[in-house]
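Read the structure below first, then the notes.
Every number in this text was worked out from the coordinates using simple rules, so none of it is lab data. Just so it is clear, the model here is predicted, and its values are computed rather than measured. We place every Cβ from the backbone using ideal geometry, glycine too, and count neighbours over all the protein chains shown.
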Amino acid sequence: MTKIIRYLTLILVILMLLPLIAGCKNGGEDNESKLVSGPEGFVPHLGKADYSGKTLRVLASHKDAVFGASQIAPIENESEIVNDAFMNRNDKLEEEYGFKIEAIYTDSFDKFTARVKDDIFAGSDDYDVISSGVMALAPLVTENILIDLKTIEGSHLRLDQEWWDVASHSGFTIGNKLFFATGDIFVTDDENTVVTYFNKDLISKYNLDSPYTLVKEGTWTLDRMYEMAKTVAKEDGDGEMNVTGNDVWGLVGGAFEAYKYILGCNCPQVFKDENDIPYLGMTQEKSIDACTKVFEMFTDRSTTAYIEQYYAWDHADASKVVDNFYSGQALFYAAFMYTVNSGKMRETKVNYGILPQPKFDENQEKYTSTINPY
């Protein structure tokens, strides 16, 4: 079993490093040849290696989602920059090291977790690496199914290196043990970063301070955001704010986004004790104050429209709430970074910008944007 784990970590570290190495290409056949045939290979601390005939099998939770085909094993060129970059990565790995990458899928987080449990207890050897969100991986930790990555003998993972998202380790560890990690193997963590979109045209129309300037000066705060949202919000003359008329909103999004603004105040819901054991910290004074500020902004129905005020989150018409941003009828839109690649954002005529989550107040040292917990 130890030999298998060592073999897997060798390949996994190659996957982590390649996006960085591939980014150094200058173009042309000569440069390509130098990149592939260097004396030490893609990963200097591994040296040259030959895994011809091997297949790295990855179990992923969703075929058509971020843990699926597009980032693990894309099967065709789609003329999409990200998809093709992952395809190019896999082609170069096969050319340099001889192995192929294959993805195996489940239909949901629950089925993913159940399959891993069943396969471990049955001694199955159907896959080598598992890939999913924390929601699916965390239950495997509590049942002692995952191994602490820091304890793997002979590992070449180099967990402190730049191809890992080292900043996430402190949040992932439990009792100083690291059971899963993320990094340059995916763009999932980048795409799922929480952001706030803003309408530049409405900023100009109402002569508001540039949000970019506020961010640079350290004055982009919840209070400033709420103040700007209230300035822009206007009902269309019928005496009632609604999401299907001509009203202009200060903020649109979902109820799910509210707690992300609390986290943006550097108020995590979970803290660690001296032994790195998590405990709930939502009752701390600052957390309560941040929650109060966010609650006030989200429940102000003259300024904010969130989906669950009007529809169930999965209702067919739920998107009508956030569509107000795409039509130019909302100043702020609480969403994720991946929204920038959506069809609606690509097609909108709105001149928009992207901001980090606002601070609690100007005394907060830095901006904090969380990621999708799924």
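Of the peptides 178-187, 313-322, the ranking by mean beta-carbon count within 10 Å, highest at the top, reads 178-187, 313-322.
Could you sort the peptides 193-204, 336-347 by per-residue average Cβ neighbour count (10 Å cutoff), highest mean leading? Before the final figure, lay out each step's value.
Numbers: 193-204: 19.9, 336-347: 13.7.
Per-residue mean Cβ counts within 10 Å order the peptides as 193-204, 336-347.
Between helix 109-122 and the chain, what is the angle of the helix's C-alpha long axis to the longest principal axis, kept within 0 to 90° and rounded to the nearest 10? So the helix axis and the longest Cα principal axis differ by about 20 degrees.
Backbone phi angles across the range 146-156, fed through the Karplus curve with coefficients 6.51, -1.76 and 1.60 (θ = phi - 60°), yield HN-Hα couplings of 9, 9, 5, 4, 6, 9, 6, 5, x, 5, 10 Hz in residue order; Gly and Pro are listed as x. For the chain, the longest principal axis of the C-alpha atoms and the axis of helix 81-97 are separated by about 10°. Taking the DSSP bridge list for the range 192-355 and keeping only pairs wholly inside it, about 70 percent are antiparallel. Once the Cβ-Cβ distance between Val166 and Glu240 is put in as r, and R0 is 51 Å, what FRET efficiency do you end up with, to the nearest 0.05? After rounding to 0.05, the efficiency reads 0.50.
Can you work out the FRET efficiency for the pair Thr299 and Lys349, with r the C-beta to C-beta distance and R0 = 30 Å, to the nearest 0.05? Mind dumping the intermediate values first?
Details: r = 31 Å, r/R0 = 1.02.
With a Förster radius of 30 Å, E is 0.45.
Just subtract the alpha-carbon distance of Lys63 and Val340 from 0.36 nm times their residue separation and send over the number in nm, one decimal. Mind showing how you got there, number by number?
On the way: separation 277, 0.36 × 277 = 99.72 nm, distance 2.13 nm.
Stretched out fully, the Lys63 to Val340 stretch lengthens by 97.6 nm.
For a straight C-alpha distance cut-off of 20 angstrom, the aspartates and glutamates reachable from Lys293 (same-chain residues fewer than eight places away being disregarded) are Asp223, Glu227, Glu257, Glu285, Glu308, Asp361, Glu362, Glu365.
Each label point was placed 7 Å from the Cα along the Cα-to-Cβ direction; for Lys216 and Glu362 their separation is 1.7 nm.
The spacing between the range 90-128 and the range 314-339, judged by their C-alpha centroids, is 35 Å. Sorting the Cα pairs of the chain by distance into bins of 10 Å, from 0 upward, gives 4, 20, 27, 24, 17, 7, 1, 0 percent per bin. Of all DSSP beta bridges confined to the chain, the antiparallel ones make up roughly 50%. Checked against a 29 Å cut-off, the cross-linked pairs Lys54/Lys111; Lys260/Lys344; Lys92/Lys117 give Cα-Cα distances beyond that limit for Lys92/Lys117. Spin-label pair Glu227-Thr55: with each label point 7 Å from Cα along the Cα-Cβ axis, the two points sit 6.1 nm from one another.
Put the Cα centre of the range 134-172 next to the Cα centre of the range 209-287 and the gap is 31 Å. Listed by chain and number, the lysines placed with their C-alpha closer than 18 angstrom to that of Lys349 are Lys200, Lys205, Lys320; residues fewer than eight positions away on the same chain are left out. The modelled label-to-label distance for the pair Asp110/Trp313, using points 7 Å beyond Cα in the direction of Cβ, is 1.6 nm.
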